[in-house]
1. Over 19 Å between C-alpha atoms is what I'm after, so list which of A:33/A:417; B:56/C:67; A:337/A:417; C:76/C:217; A:33/A:283; A:357/A:426 land there.
2. Using r as the Cβ-Cβ distance of residue A:457 and residue C:109, and R0 as 60 Å, what FRET efficiency do you calculate, to the nearest 0.05?
3. Which of the chymotrypsin sites (Phe, Trp or Tyr not before Pro) found in the stretch A:46-108 are in a DSSP loop and have at most 14 neighbouring Cβ atoms, other than their own, within 10 Å?
4. How far apart, in nm, are the 7 Å Cα→Cβ label points at residue B:70 and residue C:188?
5. Calculate the tail of P(r) for chain A: the fraction of all Cα-Cα distances greater than 42 Å, expressed in %.
6. To the nearest 0.05, what FRET efficiency results for residue A:66 and residue C:55 with a Förster distance of 56 Å applied to their C-beta separation?
7. Which distance in nm do the two modelled labels at residue C:67 and residue A:73 give, with both placed 7 Å along the Cα-to-Cβ direction?
8. Tell me, what is the FRET efficiency for residue A:313 and residue A:472 to the nearest 0.05, using R0 = 25 angstrom and their Cβ-Cβ distance as r?
Amino acid sequence: MATTVSLPETPHREPTHKYESGVWSWLATTDHKRIGQLYLYTSLFWFIVGGIEAAIIRAQLYNPNSHLVTAQTYNELFTMHGTTMIFLVIMPLSAAFFNFLIPLQIGARDVAFPRLNAFSYWVFLFGGLFLNSSWFLHAAPNGGWFGYAPLTTRPFSPGLNIDFWVIGLQILGISSLAAGFNFITTIINMRAPGMHFMRMPIFSWMAFVTQFLIILAFPIITVALTFLMLDRFFGTNFYEIQAGADPLLWQHLFWLFGHPEVYILILPAFGLVSEVLPVFSRKPLFGYPVMVYSGILIATLGFGVWAHHMFAAGMGPIADAFFSITTMLIAIPTGVKIFNWLGTMWGGSLRFTTAMKFAIGLVALFTIGGISGVMHSSPPSDLQQTDSYFIVAHFHYVLFGGSMMGLFAGLYFYYPKITGRLLNEKLGNWHFWLTAIGMNLTFFPMHFLGLDGMPRRISSYDAGQGWESNNHLASYGAALIVLGTIFFAYNWFTSLRRGAVAGNDPWGGATLEWMIPSPPPDYNFATIPKVTSRYPLWDRKSPELTVNVPHDSQDEQKMDVKIGGQSTGTASAPSDTKLNAPHAHPSARQLGIMMPTPTTKPLIAAFALGTVFVGLIMHKNLPIMLTAAAIFVFSLYNWLLTPLEPEHH
Amino acid sequence: MAADQSHSTLSHDEKGNASPHEHTHPDWGTYKWVALILTLITALEVWIYYIPSFTKTKLFVPTLLTLSAVKFAIVVMFYMHLKYDAKLFRALFLGPLILAGFTIVGLLFLFGHLVIRG
Amino acid sequence: MATAAIDTHDAHAGGEHPPTSTGLNNTKVAIWAFIGSECFFFASLISTYLIYRGRSPVGPFPHDTWKDPATGHVFKGILNIPITSVSTFVLLMSSLAMVLAHSAVVRGDRKSSKIWLAATAFLGATFLGFQAYEFTSFVHEGLTIHTNLFGSSFFVLTGFHGAHVTAGVIWLLTLLSIDMKRGLTPDEAINVDVCALYWHFVDVVWIAIFTLVYLIK
Ligand code: HEM
Ligand SMILES: [Cu+2]
């Protein structure tokens, strides 16, 4: 491990413009790595907020008949907790990895549309702030994360609460959609020479699949939310039962989006652990093509199972049977993935780093959630479980045990690439065990609570129903998770300054991102690498690991010369000594690489667009809406008519 | 591994260029026929709408659906030159289109608008 | 010399962008992905319209006559098929103009490119004019988005389609103004192509709407 060298100096730059340093350099950035970090820090912030909401919920439920918060506040807490964790934590944290990693893994200098990328982030930021500003007006959303209409229509939810929810999600959807088109184009079109689809790192593959889920599922919720918005603000009848509306319309549209959404939440984490497990097992990913195909299959089938959320709605035997079968089917490709991870570890030389522990955590805990999922794929058994704490247990095993564990694995694994320093393993160990134990202590008893009949979304419960001790356990577990998170935060901030220097490739990674310095220079690759197999770095450093992986062997000979700009610590065959000298970090300008010009136009466009919605919630304030819309259109033109890169002279 | 053989089908040259199919567009000769056919089909659709004896038969709806599907396909194939363009675009369009089609049909079943009668 | 190590295709000589891995244009890939996404957008709108077809307890209705029990006023089926057939034809012709505009830009024929771009935008605007007429006359006859389920789902579905046409017209006018100012070169034909793909997609959506909403009774 190359941890002895000192931290690379920041690339030599000649700041000629205010956009190249300080706060402006962040506001105007189009660099995918910086945008990735913006996503990262923003979503970690919301993780804390959502965590505090959860902690209050657990404090409330610790004792029966508790009155820590009112029932009204309790509704706001669980609604905002769910909405925050899904739309402001797991999705953007995944987006942080998409941003940071996709270009590095496929050997590109940036995404296909760098300014659109900045736009996506700023819209996301605006949406998150918008949604949470409701707290300050004492009008936080209170209709549950799935906001069932007609409950959420004006007659039943007259306040601003649901307005914030509807509009907030609408804004966040715009961000996700824009990012989706961007990453799809990036992955299709920006791969380095030789990076065929079946050589693409598995994280990029799962990210690719996720983007399709995003661009196909989000339009559905956009429409459902638009109906709700029109009902609430303009008096249409989409969810008006008196006018003949169907009370199931919202449920169908929402879950048509909602089930693909849960795969949007899990597939990126699957991708991350599929990167971590091979590296710490020193074995190629077991069944790479099967991993790819099962990801695609999960995504496709994911559009055909939505009504398993509605078994209790009385859809009739044919529909129940159909969705029950498809739901059981979808567990197959999911199970395949689990076995492939086990196969990857099987017989490997395992190294139990924190990243590896979290990755194994995902494999174990997600499996539990998957199994309870299959349990409620059967309508008769679901009727016992639905709307009870059993469901809460299920989705926390898949979302916390699955998505969050996977994302933590990714954070420990890629922190050195992002910051240049390693996280402390000892503190990481505390973080992992506190989180893993706390998580199981919190959510495992919920299975029993659910089977004992405790409904979800109740602000308090009577004593003497046999629910006390399991609720105690759950609340203790939550405390452990909080403690673990404190370890994590402490570790994060101290390691930024004091962590061991990482070098290019601290873990013995196999894919392109480990070839370049940590943190990478703004252009990523001084020379665009030419890729000849799935594991370019192992081919070079530990060829014995990849003998069974397909290559085309003539190209492999040229590898050393072709593969990249920078020394990777051990082996090096630099084609140009000056360029590849250990401490030379030439700037893009010195190398003659053209990078996009920093610009605040996407920021302005994003905030103008957001302000249109602010005008809407302020009782359809037309002057604000029209002014903001005009600024949006103007900044859009201004942006689109300005070339991406500096003019050539 | 068999899956890996798909590499050879993606023909990259040294610079990462695949063969550019982008410049294949149909020409005026094709366009004018396309426009004519579209107009005729539209006229046919409107015409049968006004034949009461036909609108009452079971064939009315399927006929209209077929005619509009043909129009849809013609525009997509020729005007959007999907017939001539890179295969990738076909996948990007047809995948979602088919999935969306299934979704519409599924929803109509669920809301009892399509019922299989014995 | 530092730059010697850089492959020639990395340097953007002469304003050229680096070739993409598939050889396809980035924006074109993105617009196709966008169109795929729009399939779901319109599928949701159309599904809702169809699900709510025939469910309004009160009229006016699209095809059938309805007598208001309170006032005794009789509403005929509100859809105006002759007018809409004409506007459908107009939109179809705009697609023809669009492909001709594109092929003119490819040929570098600046005179025809301007004419056809203008014609496409004009036909699009005409379609919107028909729609505006249709909407206002419906309102006069007593159908608004508030009236009943049919009103809500009809206006929102066709309104979103109209919004797409509007965006397309603005896009076309932008291209036209660039063409008038400095001329679109054959290199830039891709920009017209991307706009055309969007335009034709909006057209095929209308083909579906025309049949499903207007013709099927
Ligand atoms: C083996 C795969 C899975 C199966 C068979 C499955 C099945 C189910 C079923 C049938 C329900 C509805 C239960 C009810 O409300 O009565 C459900 C709820 C839920 N599932 Fe899963 N699931 C699976 C994986 C996942 C994954 C991967 C996630 C997210 C990462 C997830 C997240 C959720 C959530 C959030 C809910 C609750 C939604 C709500 O009512 O608020 N599930 N699951
Ligand atoms: Cu589901």
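1. Working: A:33/A:417 10 Å; B:56/C:67 23 Å; A:337/A:417 26 Å; C:76/C:217 14 Å; A:33/A:283 28 Å; A:357/A:426 12 Å.
Correct reply: B:56/C:67; A:337/A:417; A:33/A:283.
2. 0.35
3. Values: sites: A:46, A:47, A:62, A:74, A:78, A:87, A:97, A:98, A:100; in loops: none.
When the chymotrypsin sites (Phe, Trp or Tyr not before Pro) of the stretch A:46-108 are filtered for loop state and at most 14 Cβ neighbours within 10 Å, nothing remains.
4. 4.0
5. Tail fraction, whole percent: 24.
6. Result of the calculation: an efficiency of 0.80.
7. 6.0
8. Rounded to the nearest 0.05, the efficiency is 0.15.
Throughout, read-outs are computed from the coordinates displayed, never taken from laboratory work. Quantities reported herein were computed from a predicted structural model and do not represent experimental measurements. Please note: Cβ atoms are built from the backbone with ideal geometry, for glycine as well, and neighbour counts cover all protein chains shown.
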